[in-house]
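Asks: Once you've had a glance at the structure underneath, I'll fire off some questions.
The values are calculated or read from the model by the stated rules, or taken from the named source; none is laboratory data. No experiment lies behind these values; they were computed from the predicted model shown. So basically every Cβ, Gly included, is an ideal-geometry build from the backbone, and we count neighbours across all protein chains shown.
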Amino acid sequence: MSEGSLLLFAYQFPHRKTRDFIVDLVANGVVNFVVAAAPKKVLKHEDNRRYYPATLLPERVIETEVLCRAIGPPYYPIEHGDHEGMAEIVKRHDISLGLVAGARIIPSKVISLFDRGIVNFHPGKLPETSGLDAFYYAISKDIEMGVTAHFIDHRVDAGEQIFFRELPIQGTESPEVVAENLYRLQRHALQDFIDLYKAGTITTSKIERPYKNLPMVPDEKARTLTCFDSWRSGRARQKIIQAMFAACERGDVDQVAALAGRSVDLVNSTNSNGWSPLVVAAFNQRIDLVRWLIEHGADVHYSGAKGTSVLMYAKTKLLNDPEADYGLLQLLIDSGARIEHRDVYNKTVIDYVCDSRDTRMERFLIEKMGVST
């Protein structure tokens, strides 16, 4: 990062994220930045109550000004909405980029002062968990938790997404541990952003946010936490399913067997594309894994939303290859895969092979149907 190129939006009062972001910037070699620290305000919807047991030891956080004096970044106590004051700081230090460690809503006029924008690290997936209560909205909407790094615009929790980092869930964590890990993931996201910024490899995509979530009232938070155990179990299972499909793509029989040992129904689970493990293994020509999956109950008759059969997927990478080995196709047919199966377009696997003008595979499949050419 260039000399004097960064401004950290922070808070004047003792604030953990402010402290940690200042320390992390210095630790990552970003020493030429300034801190714009806003005073404390009492928010209309501020809620500092705990809705789950707290067992972790509390941290002691020092005043931001004291920390800045100790490790060096220039410190400016200022309202973040003070356009003239912020403009003076930006001009004085030739600042082009802002990072948010702590801030209320930043006005559009202030955002426009930063040529390279202002980056926020939201503790949730956007747009689904916009607003103050991202932790609770992830549970209530039954979605993954994580951190979204994004360039802000005039709307809250919108703008351009840089990346989303998902929080791993093992399935044994308490709400307190999940919340703490989510906080720590924000620090990881800051470091990831610094690496991208230094390398000049930042890419973005538009965040489509039709509305912002309202702050939850206490009763809503309490009710939401009654769903925590099922949310946690679902997230942990989803990670196992993701690992299963990754192993199927690689053809890793040992890994698939180990994962299936944790839950036998995984062999017939589906991913976000509507594929089963057998589909993934067959499409990627993993014949040993296909054999293992069939032997352990995988449905050879499975078809996707459009009726695409396992056999149809299996033929794809073999099309028009004069040296192709049809052993995988033979295995599926011997295991009961129906060549005459029709998809939603009323087409069979032979129809698709004919469309591709692969006469060799066409002859093979017709022979397997017992039809003379």
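Asks: I need the full set of residues from segment 135-145 which are in contact with a Lys or Arg (Cβ under 8 Å, 6 or more places away or on another chain) and surrounded by fewer than 23 Cβ atoms within 10 Å (Cβ to Cβ), in order please.
Replies: Within segment 135-145, the subset in contact with a Lys or Arg (Cβ under 8 Å, 6 or more places away or on another chain) is 136, 138, 143-145.
Those that are in contact with a Lys or Arg (Cβ under 8 Å, 6 or more places away or on another chain) and surrounded by fewer than 23 Cβ atoms within 10 Å (Cβ to Cβ): ILE143, GLU144.
Asks: Further question on the same structure: Please verify whether VAL280 is β-branched (Val, Ile, Thr) and assigned by TED's automatic domain parsing to the domain that holds ASN48, treating the condition exactly as stated. Full working, then the answer.
Replies: Numbers: β-branched (Val, Ile, Thr): yes; assigned by TED's automatic domain parsing to the domain that holds ASN48: no.
In short, no.
Asks: Okay, next question. I'd like the full set of residues that are in a helix (DSSP H, G or I) and either among the aromatic types (Phe, Trp, Tyr) or surrounded by 17 or more Cβ atoms within 10 Å (Cβ to Cβ) (or both), limited to segment 244-255. Spell out how you get there, then give the answer.
Replies: Step one: of segment 244-255, the residues in a helix (DSSP H, G or I) are 244-250, 253-255.
The answer is MET244, PHE245, ALA247, CYS248, VAL253.
Asks: Give, as residue ranges, the helices (runs of 4 or more DSSP H) completely inside segment 1-111 that count at least 2 residues that are surrounded by 13 or more Cβ atoms within 10 Å (Cβ to Cβ) and not aliphatic (A, V, I, L, M). Lay out the reasoning, then the answer.
Replies: Values: elements: 16-27, 64-71, 83-92, 108-111.
Per the criteria, 16-27, 64-71, 83-92.
To keep it simple, each residue is scored yes or no on (1) at pLDDT below 95; (2) not polar (S, T, N, Q).
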{"residue": "VAL217", "(1), (2)": "yes, yes"}
{"residue": "ASP229", "(1), (2)": "no, yes"}
{"residue": "GLN242", "(1), (2)": "yes, no"}
{"residue": "GLN255", "(1), (2)": "no, no"}
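Asks: Let me ask you something else. Scan segment 103-123 for residues that are on the phi < 0 side of the Ramachandran plot and not aliphatic (A, V, I, L, M) and jot them down.
Replies: If the condition is that a residue be on the phi < 0 side of the Ramachandran plot and not aliphatic (A, V, I, L, M), then ARG104, PRO107, SER108, LYS109, SER112, PHE114, ASP115, ARG116, ASN120, PHE121, HIS122, PRO123 are the ones that fit.
Asks: If you don't mind, another one. Scan ALA258, ALA282, ALA314 and give me the residue that is within 30 Å of ARG237 (Cα to Cα), part of a helix (DSSP H, G or I) and touching a residue at least 40 places away in the same chain (Cβ under 8 Å).
Replies: Details: ALA258 fails: touching a residue at least 40 places away in the same chain (Cβ under 8 Å); ALA314 fails: touching a residue at least 40 places away in the same chain (Cβ under 8 Å).
None of the other options fit; the residue is ALA282.
Asks: Could you check how many residues of segment 47-85 are free of Cβ contacts under 8 Å to residues at least 60 places away in the same chain and either more than 21 Å from VAL119 (Cβ to Cβ) or not β-branched (Val, Ile, Thr) (or both)?
Replies: First, pick out the residues of segment 47-85 that are free of Cβ contacts under 8 Å to residues at least 60 places away in the same chain: 48, 50, 57-72, 74-76, 78-79, 81-85.
Going one step further and asking which of them are either more than 21 Å from VAL119 (Cβ to Cβ) or not β-branched (Val, Ile, Thr) (or both), we end up with 48, 50, 57-63, 65-72, 74-76, 79, 81-85.
Residues in segment 47-85 being free of Cβ contacts under 8 Å to residues at least 60 places away in the same chain and either more than 21 Å from VAL119 (Cβ to Cβ) or not β-branched (Val, Ile, Thr) (or both): 26 in total.
Asks: Now for a separate question. Quick one: would you say VAL147 is assigned by TED's automatic domain parsing to the domain that holds MET216, touching a residue at least 12 places away in the same chain (Cβ under 8 Å) and part of a strand (DSSP E or B)? Spell out how you get there, then give the answer.
Replies: Details: assigned by TED's automatic domain parsing to the domain that holds MET216: yes; touching a residue at least 12 places away in the same chain (Cβ under 8 Å): yes; part of a strand (DSSP E or B): yes.
So VAL147 fits the description; yes.
Asks: When only residues in segment 261-279 that are under 14 Å from LYS239 (Cα atoms) and part of a helix (DSSP H, G or I) count, which is modelled with the highest pLDDT? Show your work before the answer.
Replies: Of segment 261-279, the ones under 14 Å from LYS239 (Cα atoms) are 262-263, 266, 269-272.
Still in the running and part of a helix (DSSP H, G or I): 262, 266.
Numbers: ARG262: 83, LEU266: 93.
The qualifying residue modelled with the highest pLDDT is LEU266.
Asks: Oh, and also: Exactly one of these conditions fails for THR201: (1) without any contact (Cβ under 8 Å) to a residue 24 or more places away in the chain; (2) closer than 29 Å to PHE151 by Cβ; (3) not assigned by TED's automatic domain parsing to the domain that holds ASP133. Give me its number.
Replies: So the condition that THR201 fails would be (3).
Asks: State yes or no: is ALA305 of a type in the set (Gly, Ala, Ser), closer than 25 Å to PHE245 by Cβ, part of a helix (DSSP H, G or I) and free of Cβ contacts under 8 Å to residues at least 40 places away in the same chain? Give the derivation first.
Replies: Details: of a type in the set (Gly, Ala, Ser): yes; closer than 25 Å to PHE245 by Cβ: yes; part of a helix (DSSP H, G or I): no; free of Cβ contacts under 8 Å to residues at least 40 places away in the same chain: yes.
Spelling it out, it is not the case that ALA305 is of a type in the set (Gly, Ala, Ser), closer than 25 Å to PHE245 by Cβ, part of a helix (DSSP H, G or I) and free of Cβ contacts under 8 Å to residues at least 40 places away in the same chain.
Asks: Still on this structure: So, LYS109, is that one of a type in the set (D, E, K, R) and touching a helix residue (DSSP H, G or I) at 6+ places or on another chain (Cβ under 7 Å) or not?
Replies: On the way: of a type in the set (D, E, K, R): yes; touching a helix residue (DSSP H, G or I) at 6+ places or on another chain (Cβ under 7 Å): yes.
Against the criterion (of a type in the set (D, E, K, R) and touching a helix residue (DSSP H, G or I) at 6+ places or on another chain (Cβ under 7 Å)), LYS109 qualifies.
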